[in-house]
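S.K.: Input: one structure, supplied below.
The values are calculated or read from the model by the stated rules, or taken from the named source; none is laboratory data. None of the values given here were measured: they were computed from a predicted structure. As a convention, Cβ positions derive from the backbone with ideal geometry for all residues, glycine included, and neighbour counts pool all protein chains shown.
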């Protein structure tokens, strides 16, 4: 049996307290920005690449990775491009969202996320 690749292929997204849907992700950092256009949840996307930026008009929602036991599974289907190893990871939106100027600026966002993650045990 071949070992699953490190690339993450899918993630369950729970934002605003309800399940939205699954997205394909390349990275699954502990904290991740998601975007939607207006209130149209069909436009949900993740800013999972280091260079990703929110576009004007997109609403930014920050979520935390909840890895109880990430599941690896293999999917084989008619579409060869979708077949392969998948890792299922769940993200849940934070109740206390960071300020708008932080989530829209990559440098500020990365600093905020690193500080928040480093201090996660101290706030309990």
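S.K.: Which numbered condition in (1) in a helix (DSSP H, G or I); (2) at pLDDT 95 or above is the only one that residue 117 fails?
M.R.: (2)
S.K.: For residues that are modelled with pLDDT under 70 and surrounded by 17 or more Cβ atoms within 10 Å (Cβ to Cβ), tally how many sit in the stretch 32-86.
M.R.: So the answer is 1.
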